[in-house]
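Worksheet: the structure to be examined is printed underneath.
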Amino acid sequence: MDATLLTIRPSAPEPIYRQILEQLRRLIAAGQLAPGERLPSVREVAAAHAINPMTVSRAYGLAESEGLLERLRGRGMAVAAQGARTRSQSERLALLEPSLQALARQAQELEMAAEPVLRRLAKLLGE
Amino acid sequence: MSEASSGYLPLLARGLWHSYAQHAALRGVDLQVPQGRVLGLIGRNGAGKSTLIRALLGLLVPNKGYAEVLGEPALQLTDRVKERLAYVPQQPEAFPWLTAEQMLTLLGRFFPHWDAPFAREMLTRWQIPATRPLAKCSPGERQRVELIRGLASRPQVLVLDEPAAALDPVARRDLLREVALRAGEAGCTVLFSTHIVSDLERVASQIALLHEGRVLLHCDLDDTKERYARLWLPPRHTSAAPVAALSRRAQADGSMTLVIERDSHGEWPLAAQLPGARLDTLALEDLFVEIAA
């Protein structure tokens, strides 16, 4: 994986370490990063985006504790062997949680009832 | 000097007060920067940023208070500390009769860890005129030379006062990359003042918001983004506005905007869940504007 594959938006309200973690979750869940694939080093990511290496380490550390990445013996990180395919439904649902919360919040702000929102969502999901 | 111990603070200010004539520039500032951290000092023009930096480094004798650099009193720094400290002021004025290259060659002799190849490379990369004396260079060029000087000395403490103004986007990115890697890898401690918030968001590990001579907020950058939000309450709910808000503003239509903080359990105040209430995450710049405006 190339460090420039990550998109960093420094001015976004979401902290940079979360942006990196979120992208790793998605890339791994979608199979775009295959098990065993090596990740760019902390330094490469930090230099490519002119961001603090500690921010990158934090994201990698969290991804490791979630079981997404594993630390290689020598140095560096790779996508964990049991990545995307063995994820349970609840784990995959957890990935959607931020988007679902944002949707719920917007629906409340518009003072929408649940029914029409759910109907529309079901349609989008092809049901 | 015990750099390895976790409580070590390369930059420290306690109770700094300073006035110019009738104007109080610093009104009791406490500030600490742990080793290897990048502190972004944000404030509007005139908030006291440059005064604070000068007092921190012993370039100004404050009316009250105390400062330390690398464990030594700021007003009595020894050469040992001075050679590990690099300060880049907003308007450099040193050695106007020398060219950039002559100046860097001269100063390089005084710094034991001087990185001459880096200095040469940056002079080309940042397009500094080779044969022109500094006095004939533009203010932007002179500040770029000073930034090269500061970085080439491989300091343990790097203090940059509004460095971004003199740099084009490419040079700015170069500088931010250097700052980030020096801090993260070499353990260099950095203080970086600016009113351009977006520069800080890439590299800062902490931010301090200086407003009217006081530090209003000092915390981890990631924390800042996750801990504060803007709450908008429709007119019918303004009486439920939480008491503890960092700022509150009544709008012309009777609604209210507040900056609120999560409680110790990570929850937002209850008012955020009222029907019609709107909670928006705040980027750093928004937070700055909401609090300092």
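Brief remarks follow.
- Here residue A:59 does not qualify as buried (at least 19 other Cβ atoms within 10 Å of the Cβ) and either touching a strand residue (DSSP E or B) at 6+ places or on another chain (Cβ under 7 Å) or facing chain B (nearest Cβ under 8 Å) (or both).
- Criterion applied to B:22, B:32, B:102 was being polar (S, T, N, Q) and in contact (Cβ under 8 Å) with a residue 12 or more places away in the chain, and the one residue passing it is B:32.
- Taken over segment A:7-52, the residue count meeting the criterion of being facing chain B (nearest Cβ under 7 Å) and among the hydrophobic types (A, V, I, L, M, F, W, C) is 5.
- Here residue B:78 meets each of (1) out of contact with any strand residue (DSSP E or B) (no Cβ under 7 Å at 6 or more places or on another chain); (2) of a type outside the set (Phe, Trp, Tyr); (3) free of Cβ contacts under 8 Å to residues at least 24 places away in the same chain with one exception, condition (1).
- Those residues of segment B:178-221 which are part of a helix (DSSP H, G or I) and surrounded by fewer than 19 Cβ atoms within 10 Å (Cβ to Cβ), in sequence order: B:185, B:186, B:198
- In the condition set (1) away from chain A (no Cβ under 14 Å); (2) surrounded by fewer than 18 Cβ atoms within 10 Å (Cβ to Cβ); (3) modelled with pLDDT of 85 or more, residue B:269 is compliant with all but (2).
- Those helices (runs of 4 or more DSSP H) lying entirely in segment A:8-127 with at least 1 residues of a type in the set (Lys, Arg) and within 24 Å of residue B:285 (Cα to Cα): A:16-29, A:53-65, A:89-109
- Residue B:249 outside the structural domain of residue B:63 (by TED's automatic domain parsing), assigned to a strand (DSSP E or B) and of a type in the set (Lys, Arg): yes
- Put simply, of B:130, B:116, B:164 the only residue that is of a type in the set (A, V, I, L, M) and within 13 Å of chain A (Cβ to nearest Cβ) is B:164.
- Those residues of segment A:1-14 which are surrounded by 15 or more Cβ atoms within 10 Å (Cβ to Cβ) and in contact (Cβ under 8 Å) with a residue 12 or more places away in the chain, in sequence order: A:1, A:3, A:6, A:8, A:10
- Options B:182, B:173, B:227; residue that is closer than 26 Å to residue B:28 by Cβ, over 13 Å from the mean Cα position of the chain (by Cα) and free of Cβ contacts under 8 Å to residues at least 60 places away in the same chain: B:227
- Residue within segment B:127-148 that is over 22 Å from residue B:172 (Cβ atoms), without any contact (Cβ under 8 Å) to a residue 24 or more places away in the chain and hydroxyl-bearing (Ser, Thr, Tyr) present: no
- Residues being farther than 15 Å from residue A:53 by Cα, among the hydroxyl-bearing types (Ser, Thr, Tyr) and at pLDDT 90 or above - total across segment B:169-209: 1
- Within the option set B:241, B:250, B:277, being within 14 Å of another protein chain (Cβ to nearest Cβ) and small (Gly, Ala, Ser) holds for one residue only, B:277.
The values are calculated or read from the model by the stated rules, or taken from the named source; none is laboratory data. These figures come from a predicted structure and were not determined experimentally. Neighbour counts are summed over all protein chains in view; Cβ atoms, including those assigned to glycine, are modelled from backbone coordinates with ideal geometry.
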